[in-house]
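Accompanying notes for the structure given below.
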Amino acid sequence: MGTGKKLGIKTLLYYIFQRTIFSFLILIIAANLPAISVFFTSYLNLNLDASSYAMIQRGGNILVAILFLLFIFIFALGVVMSLIKYFSTTYTLEDSAFKLRRGFIAKNEISIPYKQIQDVNINQSMFFRIIGLSSVIVLSAGNDKEGGGTKAAEIFNVIDSSLAEDLRQYL
């Protein structure tokens, strides 16, 4: 029985990128909020006295602080969720079957006997090719919903390309 293998560091980095990209949008808005408020007050030709302008600035500063805290929270949550997904997904190449284990709370295990594997396809989008990632689809003999034939299962939607190629060679 083999030991559980991870999906590669590039996969972890992709998970983190995927789950934290929205937080950077919040950071960009927070960083540009003072300039946006100055633009709108001058664009709308608002003749504000000094006390009104100071109140808008204080409110803007509070909003920037809230958005920055929201950025930190969403970024940290995205990193934690990515780490959980990465460390709770392992695959094992056993003597008679390929096994994939996923899940932290709701655990799922897929076991495909080697004799049922008909083909292993590796797909790469242009973005995945640039960063060295792939998706792996295993075509196995078995029953699909129509009652016979083959069924394809996307085993890894994201995996390091070198690991995907090693997996294809082994299977």
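Worth pointing out:
- Residue in the range 86-133 that is farthest from Leu167 (Cα to Cα), counting only those that are free of Cβ contacts under 8 Å to residues at least 40 places away in the same chain and open to solvent by less than 30 Å² (accessible area, probe 1.4 Å): Gly103
- Hey, Ser82 loosely packed, with under 14 Cβ neighbours inside 10 Å, assigned to a helix (DSSP H, G or I), small (Gly, Ala, Ser) and at pLDDT 85 or above or not: no
- Applying a threshold of 6 Å to beta carbon distances and a minimum spacing of six or more residues, or different chains, the list of pairs starting in the range 8-21 at a residue that is over 15 Å from Ser162 (Cα atoms) and of a type in the set (S, T, N, Q) and ending at one that is at pLDDT 90 or above and in a helix (DSSP H, G or I) reads Thr20/Phe75; Thr20/Gly78.
- Check on Ile66, free of Cβ contacts under 8 Å to residues at least 24 places away in the same chain, open to solvent by 70 Å² or more (accessible area, probe 1.4 Å) and in a helix (DSSP H, G or I): yes
The values are calculated or read from the model by the stated rules, or taken from the named source; none is laboratory data. Bear in mind the structure is a predicted one, so any value in this text is a computation, not a measurement. Note that each Cβ is placed from the backbone with ideal geometry, even for glycine, and that neighbours are counted across all protein chains shown. SASA here: full protein model, heavy atoms, side chains in, ligands and nucleic acids out. Shrake-Rupley method; radii C 1.70, N 1.55, O 1.52, S 1.80 Å.
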